[in-house]
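The values are calculated or read from the model by the stated rules, or taken from the named source; none is laboratory data. Please read all numbers here as calculations on a predicted model, not as lab measurements. Every residue, glycine among them, receives a Cβ derived from its backbone with ideal geometry; neighbour counts consider all protein chains shown.
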């Protein structure tokens with residue numbers, strides 16, 4: 001099956017065509033090993049994506065406990081900054097703290113399980129759509145779940161589109177940075193560029209400085225950001241305490 005045919009078939013998956021198609025292609029390239037043109041890129045990807053819905057057992061329990069502690073601290077700070085009872089209740093609802101630590105953990109645990117079922121069903125549907133070719137392509141559920149985690153965590157923004165930007169997607173998040181810029185080069189080819197931002201101004205990088213990008217997280221709730229990236233950016237509401245993030249697995253270093 002051609003790459004175009006594979007994308008078209010996986011793209012027919014209901015409700016998440018972009019993510020399914022990208023994950024399907026990524027899983028196939030990973031299975032090719034040394035035969036893949038994309039092997040240098042695949043080798044940059046972490047063995048375990050940062051999404052909490054890929055964790056189970058003790059590992060999931062550990063990050064949920066950490067999340068609950070951080071959410072408690074953030075809720076207290078948000079309540080202290082709230083000028084009305086309604087604002088305090090809104091802050092609690094944002095972090096899922098309306099039911100206290102037990103209610104918060106229950107809500108975030110349920111969200112993890114919902115995401116796990118959603119992406120599991122997506123992987124199963126991809127296998128069904130690809131059909132008999134899955135054996136030749138060495139596609140299986142485990143590989144597709146790995147690939148879905150990579151696509152979900154490395155696609156920027158909060159929209160329905162999904163895709164991968166090799167090497168650019170190794171950059172870590174900084175709210176002061178800009179997202180990758182989409183433009184046409186001098187041959188009218190679509191390309192992406194990354195610019196260095198320091199103090200809101202363009203600035204050349206010095207030796208040892210890290211190049212950041214913005215993940216465009218502003219439209220995500222803390223819970224959805226955690227499900228997507230395994231952390232909560234500082235810029236999201238009520239996310240300034242405890243280092244500004246809810247830990248899961250560390251994102252690969254740029």
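One residue is enough: does segment 187-196 have a residue meeting the conditions in contact with a strand residue (DSSP E or B) (Cβ under 9 Å, 6 or more places away or on another chain) and assigned to a helix (DSSP H, G or I)? Full working, then the answer.
In the first step, residues of segment 187-196 are kept if they are in contact with a strand residue (DSSP E or B) (Cβ under 9 Å, 6 or more places away or on another chain); the result is 190-196.
Then keep just the ones that are assigned to a helix (DSSP H, G or I); that gives none.
No: segment 187-196 contains no residue that is in contact with a strand residue (DSSP E or B) (Cβ under 9 Å, 6 or more places away or on another chain) and assigned to a helix (DSSP H, G or I).
Checking the structure you have, find out if any residue of segment 133-154 is on the phi > 0 side of the Ramachandran plot and at pLDDT below 90.
Filtering segment 133-154 for residues on the phi > 0 side of the Ramachandran plot gives 138.
When the remaining residues are screened for being at pLDDT below 90, the result is none.
No, segment 133-154 contains no residue that is on the phi > 0 side of the Ramachandran plot and at pLDDT below 90.
Would segment 68-77 turn up any residue that is crowded, with 20+ Cβ neighbours inside 10 Å, at pLDDT below 75 and under 21 Å from the mean Cα position of the chain (by Cα)?
Checked against the condition, which is being crowded, with 20+ Cβ neighbours inside 10 Å, at pLDDT below 75 and under 21 Å from the mean Cα position of the chain (by Cα), segment 68-77 yields at least one hit.
For the subset of segment 36-60 comprising residues that are assigned to a helix (DSSP H, G or I) and surrounded by 13 or more Cβ atoms within 10 Å (Cβ to Cβ), which member is farthest from the chain's Cα centre (by Cα)? I'd like the intermediate steps shown before the answer.
Step one: filter segment 36-60 for residues assigned to a helix (DSSP H, G or I), giving 39-42, 52-54, 57-60.
Okay, now just the ones that are also surrounded by 13 or more Cβ atoms within 10 Å (Cβ to Cβ), so 39, 41-42, 52-54, 59-60.
Numbers: 39: 21, 41: 18, 42: 17, 52: 10, 53: 11, 54: 12, 59: 18, 60: 17 Å.
Top of the filtered list is 39.
Go through segment 131-143 and report how many residues are part of a helix (DSSP H, G or I) and within 25 Å of the chain's Cα centre (by Cα). Break it down stepwise before answering.
So in segment 131-143, the residues part of a helix (DSSP H, G or I) come out as 133-137, 141-143.
Restricting the remaining residues to those that are within 25 Å of the chain's Cα centre (by Cα) gives 141-143.
The number of residues fulfilling the criteria is 3.
Provide a single number: the residues in segment 125-137 that are farther than 24 Å from residue 169 by Cβ and in contact with a helix residue (DSSP H, G or I) (Cβ under 7 Å, 6 or more places away or on another chain). Full working, then the answer.
Taking segment 125-137 and keeping what is farther than 24 Å from residue 169 by Cβ, we get 125, 127-136.
Retained after the next criterion (residues that are in contact with a helix residue (DSSP H, G or I) (Cβ under 7 Å, 6 or more places away or on another chain)): 127, 129-130, 134.
Of the residues in that region, 4 qualify.
Yes/no per residue for (1) surrounded by 14 or more Cβ atoms within 10 Å (Cβ to Cβ); (2) in contact (Cβ under 8 Å) with a residue 60 or more places away in the chain; (3) at negative phi:
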site: 109; (1), (2), (3): yes, no, yes
site: 164; (1), (2), (3): yes, yes, yes
site: 172; (1), (2), (3): yes, yes, yes
site: 178; (1), (2), (3): yes, no, yes
site: 181; (1), (2), (3): no, no, yes
site: 186; (1), (2), (3): no, no, yes
site: 200; (1), (2), (3): no, no, no
